[in-house]
Amino acid sequence: MRRENKLTGKAAISRRHALRASRVSVLMSTLGLVAFLAVLVLAAAMPAQAQAQAELGATFGTGERLYSWCVSKEKAKQDLCAAYLGGITDVLAFGPVGAYRACIPPDEVKFSQIKDVMRTWLIKNQEKLHYSAVALAARALSEAYPCKQ
């Protein structure tokens, strides 16, 4: 007797749905790979663009604001400077900010030293205060604590 391979009724519909789902899955995997590759290409181009925007002041605060906080005699402004530098330091611990990378050894460097580095850098580089605060802080810390390549 001949065995028939055709499915009928609900079984046929289930089989078609399974095949369609399989095709959709392959398509989504392919699209996911393409999207992933596109993100990699864009990410490779991003640091230079991000640095350019950051240095032009396209961020929240400028160096003038950071300078006013870090060189102030007022405790409240000094606290703002410390909080800002704490955030930048944490971000730099995980990777570069724009083109700037710093390797600050947490066991060897006290936070007061980081504030002193930033304050000194801002005083010596007042002509750069129109740039973004994040770019200036990242640059100052990367110069003071360069990463060994």
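See the values below:
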item: Fraction in percent of alpha-carbon pairs per bin - 10 Å, segment 106-149; result: 26, 54, 19, 1
item: Lysine pairs with alpha-carbon atoms under 17 Å apart, segment 63-144, spacing 8 or more or separate chains; result: 4
item: Compactness relative to 2.2 N^0.38 Å, alpha carbon Rg of segment 52-147; result: 0.98
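No lab work stands behind these numbers, since they all come straight from the coordinates. Only a predicted model underlies this, so the values are computations on that prediction, with no experimental measurement involved.
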